Amino acid sequence: MLISCDHIERENRLIYEKPATAKRVVLLEDFTGQRCVNCPKGTEVIEQLIAEYGDTAVVAVGIHGGPLGFSGNDTTTGLATEVGDEYYQHWNLEYQPVGLVNRHHPVNYPEWAAAVKEELGKPAPINLQVSAVINNSIIYIHVDALGTEGLTNGMLQIWILEDGIRAMQMMPDGSSNPDYIHHHVFRKAVNGTWGEETTIKEGEKYSWEFSQAADPEWNTSKLSIVAFVYNDNGVQQVSKTKIIQ
């Protein structure tokens, strides 16, 4: 049996080009509660971080739940969710506000700025982009990923957030503010509480599609999507986008 192949000159051979380094984006999970008097202080830190780095570099998520969360009643809006409670218990948290910066160890709010700065200085192995539109109360989500460094095994997570929610909040002076405006509030995990398994290889592109019915109580003009990939080494990359009407 004869086997032959075409000869390709050295200068015409395909040469692998390593993807450009991805810019690191940091996920700050703020475990908060409407009955938590110090939680507005955590919100102030987040506002300062976003003012300094921008909301495309620091993605904050307010996860209501835990012992100081409030699920609401007939007269007062509550923002706590069962999933928020599950996250709080999973990470063995003991106080509020407390944050996870790229899902490393829990950090008290005065230390968030230093932790965020440290994470921003690290390389990211993934370039992640998310887009979303809503049509007839259905949210359609598209996620693109490109591996930029090595092999990443982990979980892809999709969340829905809502801004501009007017609801009660206990304040540092012990008073109750019924007109407090809550931003980047966790509303729903689209693809399950812990996401779905994924493997992303350097130099390869991946895409996912998701859909989710909008809750009638949500203000769809204030919704955003957060997509991130995490594993035992923390959050590898995160991306956030507003939902287009």
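The values are calculated or read from the model by the stated rules, or taken from the named source; none is laboratory data. Worth saying up front: this structure is predicted, and the values here are computed from it rather than measured. Glycine also receives a Cβ, built like all others from the backbone with ideal geometry; neighbour counts cover every protein chain displayed.
Each row is one residue, and each column tells you yes or no for (1) touching a Cys at 6+ places or on another chain (Cβ under 7 Å); (2) hydrophobic (A, V, I, L, M, F, W, C); (3) in a strand (DSSP E or B); (4) free of Cβ contacts under 8 Å to residues at least 12 places away in the same chain.
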residue: V61; (1), (2), (3), (4): no, yes, yes, no
residue: L68; (1), (2), (3), (4): yes, yes, no, no
residue: D85; (1), (2), (3), (4): no, no, no, no
residue: Q96; (1), (2), (3), (4): yes, no, no, no
residue: R103; (1), (2), (3), (4): no, no, no, no
residue: E119; (1), (2), (3), (4): no, no, no, no
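Residues to consider are T77, T56; find the one that is modelled with pLDDT under 95 and either within 18 Å of H184 (Cβ to Cβ) or touching a Ser or Thr at 6+ places or on another chain (Cβ under 7 Å) (or both).
From the options T77, T56, the qualifying one is T56.
Considering segment 37-55 alone, what residues qualify as being closer than 14 Å to A114 by Cα, β-branched (V, I, T) and in contact (Cβ under 8 Å) with a residue 24 or more places away in the chain?
Passing the criteria: V45, I46.
Go through M170, M155 for me and flag whichever is at pLDDT 95 or above and touching a Cys at 6+ places or on another chain (Cβ under 8 Å).
Values: M155 fails: touching a Cys at 6+ places or on another chain (Cβ under 8 Å).
Criteria check complete, one pass: M170.
Quick one: which residue in D179, D215, D173 is charged (D, E, K, R) and within 20 Å of the chain's Cα centre (by Cα)?
Numbers: D179 fails: within 20 Å of the chain's Cα centre (by Cα); D173 fails: within 20 Å of the chain's Cα centre (by Cα).
So the residue among D179, D215, D173 that is charged (D, E, K, R) and within 20 Å of the chain's Cα centre (by Cα) is D215.
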